[in-house]
Amino acid sequence: MTTVTRTLSGVRIDNGTPEPQSPAPHELVDPATGAAWATVVYGGEAEARRALDSAARVLPAWAALPAGRRAAALRAIAADLREDGLTARLAGLITRETGKRIAEARAEVGLSAAFFEWFADAVSGRAERAWSHVPGLRHEVGERALGVVAVLTPWNFPVSIPARKIAPALAAGCPVLFKPSEVAPASALCLAEVVERHVPSGVVSTVVGEPAAISDVWLADRRVRGLTFTGSTRVGRLLAAAVAPRFTRSVFELGGNAPFVVLEDADLDLAVETLMVAKYRNNGQSCIAANQVWAPRRSADELAARFSRASDRLVLGDPADEATTLGPLALPTDPARVESLVDSAGGDVWRAATPVPEAGNFTRPAVSVRPLRDSELVREEIFGPAVSVLEYDALDEVLEAVAAGPYGLGGYVVGAPRRAAEVARALDVGIVGVNTGSPNTPQVPFAGLKDSGTGVEGSHLGLEAFLAPQTVAVADG
Ligand code: NAD
């Protein structure tokens, strides 16, 4: 089934779209229908080099601008993103290329605007400090732009994750080399176009193409002083090895396997409501999606039954339709992957009876109760609408299992607030929702532990990732 309607250039350099030198077009396929709806012309090594040369050329001028001028550019980008027509255009592209429900796609664009606003505020609020620690010497501690940074992003939040990286990089004075995911480049290219309206030529360049061909050029070059990557742990490891010889300052936001802990005193209806949000956001394809649900032995079956009933009411279908509550998975291979994770885990399996559209990458919600603790379903990121429900007798068992697992990104606790917050503080993860399925905002740190990565996004720390401190010791007289 092919109904391609448009061709996109995958290259944006010097605030324009030069002719790429590798013009073989790549199809973008709508996950809800299986139909190709656009083609993208990839860039390659030559475009990656040209983008890098432009970024290096513009660095001194961009970094030297007063912070307030850069903040003003960020605010103008945010204002554009919040404009109704643009929000609708970007949200439509996100839904088309990833299968995200349209309401969530609009929220993603709003969140992206909020990142630009927050980092405009954050950079406006910084000031240099000067101290004297030694008689006769005055220490001036300044901050400089780190330099040119490479921004590599995944398909699952194709606008807000780039926004979370590009906004602080620009605020800090760093030109950006942007490589969006080849799975969902259209909305990212549209974001790049909006950003370019408000920054000088060369400050942001975008190249979509074979990933390694582009990143190899950037990461091998000493002019690239920073890497900020969000994606799988597997690719994160490859890139960490690639930058190791040059000690390139890096942020890695990688995979997760979020525990969802239901306490003895939890209201099970609240637990189900919270789990519906934490599990089904982006059709289950979020790095902080609840994966392992831990419930006290006496309430595990009841919780699983209530969650199954709620999941049975989900309406699978076209993500552009406001009535749809569960969309397709992004890739055609995903339904079989998720189903096999569930089937091979050895638990008591429940699957929703809800009708599944014939075309597209759909799979029914599934709950596996008491699967094998060492199954892939329990140990690995699911990235789809399935969960495992595990029973516990003592909370320490849960805390130890989470600490011993490879990931440490998101987590959730449901129960009486004071006790639940205490348990949250003991969970070995970077961000925890207590009686909420939505713990994240631009003002707070988002950071994984262990195989979930290193470095911080969001908050003032997200800006500092792109700043290099410099101490100047000035002798009196
Ligand atoms: P991915 O690792 O396949 O791709 C991410 C990016 O890396 C893409 O731009 C891709 O083109 C690029 N890439 C792939 N292979 C490469 C290579 N050999 N060399 C250089 N670049 C390469 O991830 P994905 O499937 O796009 O995204 C899903 C993953 O991202 C999940 O594991 C999810 O948990 C993770 N994620 C993490 C966070 C977080 O904040 N921690 C947020 C969202 C997604």
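Residues of region 9-25 being open to solvent by less than 10 Å² (accessible area, probe 1.4 Å) and more than 25 Å from the chain's Cα centre (by Cα), which ones?
none
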Quiz item: Do the conditions hold for R49, that is, is it more than 29 Å from A120 (Cβ to Cβ), modelled with pLDDT under 95 and among the basic types (K, R)?
Solution: no
Practice problem: Name every residue in region 220-232 that is surrounded by fewer than 22 Cβ atoms within 10 Å (Cβ to Cβ) and near the ligand (Cβ under 10 Å from one of its atoms), in order of residue number. | Solution: S232
Quiz item: Across region 122-168, what is the number of residues that are open to solvent by 60 Å² or more (accessible area, probe 1.4 Å) and not in a helix (DSSP H, G or I)?
Solution: 14
Quiz item: Taking only pairs six or more apart or across chains, which ones have beta-carbon atoms under 6 Å, a first residue in region 442-453 that is farther than 12 Å from T230 by Cα and outside any strand (DSSP E or B), and a second residue that is of a type in the set (A, V, I, L, M) and within 11 Å of the ligand (Cβ to nearest atom)?
Solution: P445/V456
Exercise. Among the residues of region 370-389, write down those that are outside any loop (DSSP other than H, G, I, E, B), buried (at least 24 other Cβ atoms within 10 Å of the Cβ) and touching a Lys or Arg at 6+ places or on another chain (Cβ under 9 Å).
Key: A386, V387, S388, V389
Quiz item: Among all residue pairs at least 6 apart or on different chains, which show Cβ distances below 7 Å where the first residue, located in region 394-410, is in contact (Cβ under 8 Å) with a residue 24 or more places away in the chain and open to solvent by less than 40 Å² (accessible area, probe 1.4 Å) and the second is outside any helix (DSSP H, G or I) and basic (K, R)?
Solution: P406/K450; Y407/K450; G408/K450
Exercise. Report, by residue number, each residue of region 402-420 that is under 25 Å from the mean Cα position of the chain (by Cα) and of a type in the set (G, A, S).
Key: A403, A404, G405, G408, G410, G411
Quiz item: Going by the conditions given, is S54 open to solvent by 60 Å² or more (accessible area, probe 1.4 Å), away from the ligand (no atom under 16 Å from the Cβ), farther than 30 Å from N283 by Cα and of a type in the set (S, T, N, Q)?
Solution: no
Exercise. Answer with yes or no whether S112 is over 30 Å from G34 (Cα atoms) and hydroxyl-bearing (S, T, Y).
Key: no
Practice problem: Output the number of residues of region 244-253 satisfying the condition of being in contact with a strand residue (DSSP E or B) (Cβ under 7 Å, 6 or more places away or on another chain) and either open to solvent by 40 Å² or more (accessible area, probe 1.4 Å) or more than 11 Å from the ligand (Cβ to nearest atom) (or both). | Solution: 3
Quiz item: Which residue out of A184, A145, A150 is within 14 Å of the ligand (Cβ to nearest atom), closer than 30 Å to V472 by Cα and in contact (Cβ under 8 Å) with a residue 40 or more places away in the chain?
Solution: A150
Practice problem: Could you tell me whether R306 is farther than 28 Å from G408 by Cα and not hydrophobic (A, V, I, L, M, F, W, C)? | Solution: no
Practice problem: For region 257-276, state whether one or more residues are more than 24 Å from E47 (Cβ to Cβ), among the hydroxyl-bearing types (S, T, Y), surrounded by 17 or more Cβ atoms within 10 Å (Cβ to Cβ) and more than 16 Å from the ligand (Cβ to nearest atom). | Solution: yes
Exercise. Would you check which residues across region 450-461 are more than 11 Å from the ligand (Cβ to nearest atom) and either open to solvent by 50 Å² or more (accessible area, probe 1.4 Å) or modelled with pLDDT under 95 (or both) and list them?
Key: K450, H460, L461
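Go through region 198-219 residue by residue and tally those that are over 13 Å from L170 (Cβ atoms) and more than 16 Å from the ligand (Cβ to nearest atom).
Kept after step one, since they are over 13 Å from L170 (Cβ atoms), are these residues of region 198-219: 201, 206-219.
Filter once more, so that each one left must be more than 16 Å from the ligand (Cβ to nearest atom): 201.
Within region 198-219, residues that are over 13 Å from L170 (Cβ atoms) and more than 16 Å from the ligand (Cβ to nearest atom) number 1.
Against the definition (away from the ligand (no atom under 16 Å from the Cβ) and not in a strand (DSSP E or B)), how does R309 come out, yes or no? I'd like the intermediate steps shown before the answer.
Values: away from the ligand (no atom under 16 Å from the Cβ): yes; not in a strand (DSSP E or B): yes.
So R309 fits the description; yes.
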Quiz item: If the Cβ limit is 6 Å and pairs must be 6+ apart or interchain, which residue in region 320-348 that is over 24 Å from A304 (Cα atoms) pairs with which residue that is hydroxyl-bearing (S, T, Y)?
Solution: A320/T95; A330/T98
Practice problem: Take R237 and decide whether it is open to solvent by 30 Å² or more (accessible area, probe 1.4 Å), free of Cβ contacts under 8 Å to residues at least 60 places away in the same chain and within 15 Å of the ligand (Cβ to nearest atom). | Solution: yes
Practice problem: Answer yes or no: is there a residue in region 26-39 that is over 30 Å from E322 (Cα atoms), over 23 Å from the mean Cα position of the chain (by Cα) and surrounded by 15 or more Cβ atoms within 10 Å (Cβ to Cβ). | Solution: no
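Has region 175-190 got any residue that is basic (K, R), under 20 Å from G462 (Cβ atoms) and modelled with pLDDT of 95 or more?
yes
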Quiz item: Name the helices (runs of 4 or more DSSP H) wholly within region 181-298 that hold at least 1 residues that are closer than 30 Å to T324 by Cβ and within 23 Å of the chain's Cα centre (by Cα)?
Solution: 185-196, 268-280
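The values are calculated or read from the model by the stated rules, or taken from the named source; none is laboratory data. All of these numbers come straight from a predicted model, not from anything done at the bench. Neighbour counts run over all protein chains shown; Cβ positions are idealised from the backbone, glycine included. Ligands, DNA and RNA are excluded from the accessible area calculation, which covers all protein heavy atoms including side chains. Shrake-Rupley method; radii C 1.70, N 1.55, O 1.52, S 1.80 Å.
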